[in-house]
Amino acid sequence: MEPDRIDAVLSALADPIRRRIVERLGKGEATVSDLSTPFDVSGPAISRHLGVLERAGLISRERHGTWRTCRLRPEAVDELGAWLGGLLPVWDRRFDSLEAVLAARRTPAPVGGPSTAPPTTSTSSASSASSASSAFTVDPQEQS
């Protein structure tokens with residue numbers, strides 16, 4: 001898919017009304033009147049939205065007497081899906097790298113190694129030991 005075409009398609013789909021029109025046309029062709037019914041916008045505004053979608057190559061419009069019908073161009077949607085699918089391996093590698101970095105940060109320090117716990121300010125070792133053990137006590141009801 002050409003960069004200019006991608007820009008036009010993504011720009012057309014940036015508007016929520018146009019996305020809903022594309023979703024509706026995914027179910028089958030519809031008249032302009034049918035498409036405008038769920039929206040609180042004027043007929044000319046719907047026509048402008050349809051023009052943007054048509055210029056982006058997402059829909060086609062035909063005149064049948066006094067009726068204008070619109071239909072989704074599935075090949076345009078397929079092209080966009082293929083372009084987006086080409087980005088998946090790149091993002092998968094990036095997320096795998098991020099996951100490895102985060103996992104390395106979560107790895108606990110070896111036993112006997114330097115502690116990363118903050119120093120305690122309490123002078124009573126008995127009170128700090130009991131508060132430390134209560135901080136790690138698990139309520140049996142919370143385990144389920």
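The table for this structure:
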quantity	calculated
Full-extension gain in nm, GLU2 to ASP40, via 0.36 nm per residue minus C-alpha separation	10.2 nm
Environment charge of LEU87, counting only residues whose C-beta is closer than 13 Å and scoring Lys/Arg +1, Asp/Glu -1	+1
Shape category assigned to region 5-109 from the gyration tensor of Cα positions, a/c cut at 1.5	prolate
Accessible area (Å², 1.4 Å probe, nearest 10) - THR66	130
Förster-model FRET efficiency, 30 Å R0, LEU10 and ARG105, C-beta, rounded to 0.05	0.30
In nm, spacing of pseudo-spin labels at LEU98 and LEU84 (7 Å Cα→C-beta vector)	1.8
ILE59 long-range amide H proximity, modeled H, under 5 Å	GLU54, ARG73
J(HN,Hα) series, region 38-50, from Karplus relation 6.51 cos²θ - 1.76 cosθ + 1.60, nearest Hz, glycine and proline x	x, 10, 9, 9, 6, x, x, 5, 4, 4, 5, 4, 5
Whole-Hz couplings from phi, Karplus 6.51/-1.76/1.60, listed for region 75-81; x for Gly and Pro	5, 5, 5, 5, 4, 5, x
List SER33, SER60, ordered by accessible area with a 1.4 Å probe, largest first	SER33, SER60
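The values are calculated or read from the model by the stated rules, or taken from the named source; none is laboratory data. Not measured: the values here are computed from a predicted model. Cβ coordinates were reconstructed from backbone atoms using ideal geometry, including for glycine residues, and neighbour counts include every protein chain displayed. Surface areas here come from the heavy atoms of the whole protein model, side chains and all, with no ligands, DNA or RNA. Shrake-Rupley method; radii C 1.70, N 1.55, O 1.52, S 1.80 Å.
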